[in-house]
Amino acid sequence: MTHPKRYTVTAALPYANGPIHLGHVAGAYLPADIYVRYLRQKGATVVFISGSDEHGVPVVIRAQQEGVTPQQVVDKYHTLIKESLQGLGISFDIFARTSSSTHYETATDFFKELHQKGIFEVYETEQYYDPVGQQFLSDRYIKGRCPSCHHSDAYGDQCEACGRTLSPEELVDPTSAISGAKPILKATKHWYLPLDKYESWLKKWILEDHKDFKTNVYGQCKGWLDQGLQPRAVTRDLTWGIPVPLPEGKGKVLYVWFEAPIGYISATKEWAKAQQIDWEPFWKDPDTKLVHFLGKDNIVFHCIIFPVMLKAHGQFILPQQVPANEFLNLEGQKLSTSRGHAVWLHEYLETFPRDVLRYVLCTIAPENKDSDFTWQDFQDKNNRELVANLGNLVHRTFSLVHQHFGGLVPPRMAPNAADQALLTALRAAFSEVGHAIEQFKFKEALQLSMGYATLGNKYLTDRRPWHLVKSNPEEAGTVLHITLQLIATVTLLIRPFLPATSDKMARMLGLKATDWGNVDVAHLLQFGDPLSSPILLFEKIEDDSIEAQREKLKNLSTDVIG
């Protein structure tokens, strides 16, 4: 399908049990936003969906830690996450909640449909149970001594001290995190999605039909399929969540991994209802392109489990692309919320401009392998690339036009070879950058866009209009006219990446055009158009600001470890 009728673009639902950090932004939200803004600029019909994932054990644990109810936890963090992402300019059409009545209804109906079709398998297994608290325990609710490093507070799924993945059986002297009692094994019944029965279909759908998946995504899927898939429980013994809609499911809820991706569908329903349009084409019409953005820890859910759910249901389209990113590290170490080794988005936005972060995270995006955010690199990219390249080009061009041409776009005479070469290069800009975006190569696309600013600075330096104006003002005017057309082109090119900066540049230029590519780059501005006074697009970031961030990070980590 070359030109879909519409696009449904999703970004992974963040857990509403804490704030989001830069790793989340680089992994899913920024690349998704760049893609969606590009599609909108091209005039495509697109809905951009996300929302908070509000069920599951992490929420319950956070509630216990804070001495509040799970509902209070999700209310607090849903608001914080939504406002943080808005502050960064992530332009969702809706940021919904999996605690909404629409989602409860949609997830319940989805489960019922699969149950009525006989898709699920039911198994009775033995699971850990707290005889004092009288409840089944998830792995996170079981604590004990790590068999590897002997840390006394290891969880049933992982030791946070040494990082080893564990199962509850491996813990030495396990106890319930709820009552402190020694857990016992007790029989319980659950419903399972038989992934093994869809293995041959998945092998064809992914390994043969989706060789266009990114190599990191394709490789991880192949690894799962080569190992062989097992049935996976879609229900669990918990009270916080969507109740299993069967008489024999009393006291059980839908497993969060099963109901959370259905949140994309329920969010689309809520959005469509508010817009007074039909939601179904966005999930059921084969002429819709469904694209999921997420981090690598979510690949299995979006490439294997959710597609099996959609296929089993039978009424939904499948994702055409899942451009998952790898992980972002911080100052050479893995981001860790438990150790406090993180930069929280809401705190970043209190200190620095949003577009600087969008720029830096895009230039170091972990598109095919893990990458590293450092405060030194953040400062360098701001000062040497944004300030010294793009900011400098705009400021010196505007200053020259105000100084010598009364702040109006000068007339253009017949261009010489150098002028013509620049205009020819500009005419290829939209197709070149657009191609990279459509391949989900956002880092390359931004680099290409900024390359035109570099080209503009070189052109100015080579043509020296400040010198020409003394001997040949008409030629100097032509050089500045062409440079302004280049700045107008760059304004449109960077709009998906740096929307606030693009808006500022458009206001400075009085630029009316907003489209992607459907423009004549030589005539975006007209002779005599007024320009605003020169203003600085970006401000230099000083060493003391960066040192303060490094100290903050060090103190955060120390506080948590201490």
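See the values below:
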item: Single match in Tyr123, Tyr129 (criterion: modelled with pLDDT under 95 and in a strand (DSSP E or B)); result: Tyr129
item: Selection within the range 285-318 - under 19 Å from Thr215 (Cβ atoms), touching a strand residue (DSSP E or B) at 6+ places or on another chain (Cβ under 9 Å) and crowded, with 20+ Cβ neighbours inside 10 Å; result: Val291, His292, Phe293, Leu294, Asn298, His302, Cys303
item: Strands (runs of 3 or more DSSP E) contained entirely in the range 287-396, each with at least 1 residues that are modelled with pLDDT of 95 or more and over 22 Å from Asn17 (Cα atoms); result: 288-293, 371-373
item: Scope the range 362-374; condition buried (at least 20 other Cβ atoms within 10 Å of the Cβ), out of contact with any Ser or Thr (no Cβ under 9 Å at 6 or more places or on another chain) and under 17 Å from Ile34 (Cβ atoms); matching residues; result: Cys362, Pro366, Glu367
item: Within the range 238-271, tally of residues that are among the acidic types (Asp, Glu) and open to solvent by 30 Å² or more (accessible area, probe 1.4 Å); result: 2
item: Leu408 being open to solvent by 50 Å² or more (accessible area, probe 1.4 Å), touching a residue at least 40 places away in the same chain (Cβ under 8 Å), over 30 Å from Ser545 (Cβ atoms) and in contact with a Pro (Cβ under 8 Å, 6 or more places away or on another chain); result: yes
item: Filtered residues of the range 58-113 (kept if open to solvent by 30 Å² or more (accessible area, probe 1.4 Å), among the aromatic types (Phe, Trp, Tyr) and assigned to a helix (DSSP H, G or I)); result: Tyr104
item: Residues of the range 427-463 satisfying the condition of being part of a loop (DSSP other than H, G, I, E, B), in contact (Cβ under 8 Å) with a residue 12 or more places away in the chain and either loosely packed, with under 14 Cβ neighbours inside 10 Å or in contact with a Pro (Cβ under 7 Å, 6 or more places away or on another chain) (or both); result: Phe440
item: Cβ pairs under 6 Å, 6+ apart, first in the range 186-209 and free of Cβ contacts under 8 Å to residues at least 24 places away in the same chain, second of a type outside the set (Asp, Glu) and open to solvent by less than 40 Å² (accessible area, probe 1.4 Å); result: Lys203/Leu225
item: Residue selected from the range 9-38 under the condition open to solvent by less than 10 Å² (accessible area, probe 1.4 Å) and out of contact with any helix residue (DSSP H, G or I) (no Cβ under 9 Å at 6 or more places or on another chain), by the criterion nearest to Thr79 (Cα to Cα); result: Ala32
item: Some residue of the range 154-173 being buried (at least 18 other Cβ atoms within 10 Å of the Cβ) and either more than 28 Å from Thr337 (Cβ to Cβ) or over 36 Å from the mean Cα position of the chain (by Cα) (or both); result: no
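The values are calculated or read from the model by the stated rules, or taken from the named source; none is laboratory data. Since we're looking at a predicted model, the values are computed, not measured. With ideal geometry, Cβ positions are generated from the backbone for all residues, glycine too; neighbour counts draw on all protein chains shown. Just so you know, the surface numbers come from the protein's heavy atoms only, side chains and all, with ligands and any DNA or RNA stripped out. Shrake-Rupley method; radii C 1.70, N 1.55, O 1.52, S 1.80 Å.
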